[in-house]
Amino acid sequence: MSGTAAERAPRAGVSASGRERILSRIRAAVAGAPDVEITRAYRTSSDPAGAVELFAERVADYRAVVHVVEAGEVAGAIAATLDRRAPARLVVPDGLPEEWARAVRSAVEARAADAGAEPGPGAAAIVRDEPVLSAAELDAADGVITGCALGIAETGTIVLDAGPGQGRRALTLVPDYHLCVVRADQIVAGVPEAVGRLDPARPLTWISGPSATSDIELNRVEGVHGPRTLEVVIVR
Amino acid sequence: MSGGNTFLGMPAFPRNAAAAVQDSQLRFNLRKATHTIRGKRASVVAELPDWTELRAAGKEIKDHTLRNLERYLLQMEEAVTAAGGHVHWAADAEEANRIVADLVKATGETSVVKVKSMATQEIGLNEALQAEGITAYETDLAELIVQLGDDWPSHILVPAIHRNRSEIREIFHDKMADWGRAAPEGLTDEPRDLADAARLHLRERFLSTKVAVSGANFMIAETGTLVVLESEGNGRMCLTLPETLISVVGIEKLLPSWRDLEVFLQLLPRSSTGERMNPYTSTWTGAVEGQEFHLVLLDNGRTQVLADEVGRQALRCIRCSACLNVCPVYERAGGHAYGSVYPGPIGAILTPQLRGMGSALDASLPYASTLCGACFEACPVAIDIPEVLVHLRGKARHPRTERLGMRAAGWVFNRPARLARAQRLGGRLRRFVPERLPGPLSAWTDTRDIPDIPAESFRDWWNRTDGGAR
Ligand code: SF4
């Protein structure tokens, strides 16, 4: 479908003249105005010591569920978490580290075997985005597990860049439960460090706690459209 | 909303404000909202040791961009096009609406989902699309409440703050069925229940609608990237699920480089919702994940604002709403009195500049302030709102005596030291303050006590406590 709507769109007519009008008005408006230099006297890097603890604390401040585990414990932590949440249909993006993927498979298979049921709707199953899931299929999933591009300690933010083990943006949006695994070496101290590391050409999603609204008498309610539960496993 | 988006023909600010101050529900809600957010904001701002430097950089980045706007807009156009997107230019509201309507029609669709965007409210896009047989569905919880209630937003950040939970329950119960999935049986007025009803009502729509319309908080000239900050996830739904995405963005939303986000992603969430970071921020560059992307660059009066040497600083605004939450006039009068999508102190300087001061309402807006200066102190990009107000008062057609008075005020406000002195004096004299304000403000004090002059001005408090840090 690329370009079809654009070809029929009013490019050459109204908008071409709009473009010239706007640009000439701008030229006239700022003529003779002095330029302004930008001073960046703010912190562009902060001490990374204690970043993991700070990250854990700040993510938890958003009412996300946080676990900090040692490197050897990550598979166990993933399995325990999935046992507790028991998502029936768990979306697993391609490119998840094999150790985590194995933990996911055995947790889901164990639950399916426990239930003794035939695979079918409602039975525990892993859902892959290959071939690409339709919106309705994605809506039928109730959880997703991903890695991330990086974490920001000062703000408790996780950034996804649709890279390996993260999948396209909708995967972490439609299911009601998001389990995210963050490695300690992915955690940076502040926002400037994060912006410096990220690639603007990739679609980015910055996540700071579960979806929330304060629109009704300023009462905070978690989970309007995005996942109502965000669970984060931090691996030292 | 037959009156259109710009609320034209609304009575002037004093009459609206007088009506609003009598509405005790609105006043109670607004007071609670502004004070709660104000407190949260102060504590997360105080957390950053370099807030002053970030604020200075924010101001300079915006001023530098505005000075070089032509160059950066052309760079933006090139970068978006190179990344597979399409760029359109709209000199005014009519052109923008025409472009969006034609783009939607070209897809063959008759409905769009929308994520809150002040620019599209400003141009009356929903009404324009309606006239072309296209239904625009708002998807922010607050905007949904406003749309279902056939109502106007009253606050930039919490547009439905004038509604309480039982009113919202009633609106959902009565109106949801007309717009799509009906409210569940036995809907209570618990916020959790109401949010779940909205989730269900909108989920079907997100999954099936093929075209989305958004605004953007920032666009990056260097890379062609668009940036949207939000809380609920409806933005992500609109940005990722539909096949076609149309973003209508004011030309002043531009930032030169990717790096500039490191400043604004600290300034905006903390000033706005008083959080260290908002729940979701999405960035995308051109057409991504198979989507078709259109960017509509909107002027609609902005170049006119840019031409005013004093007034152009209003274009730095990042719509955080911090100035609303500290404004004593806004707190009492409410957002509707400003007769525009831009309420509060920023609305008082932006609306008359964007629209000109032809109507009684717009000419009265620069007077909708006590010039206390709290908005300037709170503004993350240091817009000197009192200065612009005084400047606009000089231009508005008002009685000569008032213009003279304003010139005196201008004298006070042109010098921060004089302002500080005047405020301290006001603090000491506050028990002598008359019950009625003089001039155009008397209309709204007719029914209300005038705002208390704080014993200690914001400026003094700020200095004494190091921005609330102590
Ligand atoms: S004028 Fe300043 S404080 Fe007010 S909304 Fe704009 S950026 Fe925020």
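The numbers here are math on the coordinates, done by the rules we state, and not lab data. These figures come from a predicted structure and were not determined experimentally. Neighbour counts are summed over all protein chains in view; Cβ atoms, including those assigned to glycine, are modelled from backbone coordinates with ideal geometry.
Some notes on this structure:
- Restricting region A:211-232 to residues that are part of a loop (DSSP other than H, G, I, E, B) and at the interface with chain B (Cβ under 7 Å from one of its Cβ atoms), the residue that is farthest from A:A170 (Cα to Cα): A:E217
- Scanning region A:178-209 for residues that are within 19 Å of B:Y280 (Cβ to Cβ) and facing chain B (nearest Cβ under 7 Å) yields A:V191, A:V195, A:P200, A:P203, A:L204, A:T205, A:W206, A:I207, A:S208, A:G209.
- Residue match in region B:209-220 (condition: farther than 19 Å from B:H294 by Cβ and away from the ligand (no atom under 16 Å from the Cβ)): no
- Identification of helices (runs of 4 or more DSSP H) wholly contained in region B:67-172 with 3 or more residues that are within 11 Å of chain A (Cβ to nearest Cβ) and either touching a helix residue (DSSP H, G or I) at 6+ places or on another chain (Cβ under 8 Å) or farther than 17 Å from A:G18 by Cα (or both) yields B:69-82, B:93-107, B:141-148.
- Residues located in region B:268-287, provided they are facing chain A (nearest Cβ under 10 Å), aliphatic (A, V, I, L, M) and touching a residue at least 60 places away in the same chain (Cβ under 8 Å): B:A287
- Residue-level check: of (1) within 14 Å of another protein chain (Cβ to nearest Cβ); (2) surrounded by fewer than 24 Cβ atoms within 10 Å (Cβ to Cβ); (3) more than 10 Å from the ligand (Cβ to nearest atom); (4) among the charged types (D, E, K, R), B:R332 misses just (1).
- Note on region B:41-56: residues that are in contact with a Leu (Cβ under 9 Å, 6 or more places away or on another chain) and either part of a helix (DSSP H, G or I) or β-branched (V, I, T) (or both) amount to 3.
- Within this structure, B:V248 fails the test of being within 29 Å of B:G39 (Cβ to Cβ), away from the ligand (no atom under 16 Å from the Cβ), in contact (Cβ under 8 Å) with a residue 60 or more places away in the chain and not in a loop (DSSP other than H, G, I, E, B).
- Among the residues of region A:16-51, the one identified as more than 7 Å from chain B (Cβ to nearest Cβ) and either among the basic types (K, R) or buried (at least 20 other Cβ atoms within 10 Å of the Cβ) (or both) is A:A51.
- Cβ separations smaller than 7 Å between residues 6+ apart or across chains give the following pairs from region B:295-319 residues that are on the phi > 0 side of the Ramachandran plot to residues that are more than 16 Å from the ligand (Cβ to nearest atom): B:N300/B:D92; B:N300/B:A93; B:N300/B:A96; B:N300/B:I123; B:G301/B:R355.
- Strands (runs of 3 or more DSSP E) wholly inside region A:87-199 containing at least 1 residues that are in contact (Cβ under 8 Å) with a residue 40 or more places away in the chain and of a type in the set (A, V, I, L, M, F, W, C): A:89-91, A:143-146, A:150-152, A:157-160, A:177-183
- Considering the conditions (1) surrounded by fewer than 24 Cβ atoms within 10 Å (Cβ to Cβ); (2) within 14 Å of the ligand (Cβ to nearest atom); (3) of a type outside the set (D, E, K, R), B:N300 is excluded by exactly one of them, (2).
- Residues satisfying the stated conditions in region A:141-169, i.e. over 24 Å from A:V195 (Cβ atoms) and at the interface with another protein chain (Cβ under 10 Å from one of its Cβ atoms): none
- Every residue from region B:216-265 that is of a type in the set (S, T, Y), surrounded by fewer than 24 Cβ atoms within 10 Å (Cβ to Cβ) and more than 9 Å from chain A (Cβ to nearest Cβ): B:S257
- Yes/no for B:G356 being farther than 25 Å from B:L30 by Cα and within 16 Å of the ligand (Cβ to nearest atom): no
- Subset of region B:307-325 (residues that are within 16 Å of the ligand (Cβ to nearest atom) and facing another protein chain (nearest Cβ under 9 Å)): B:D308, B:R312
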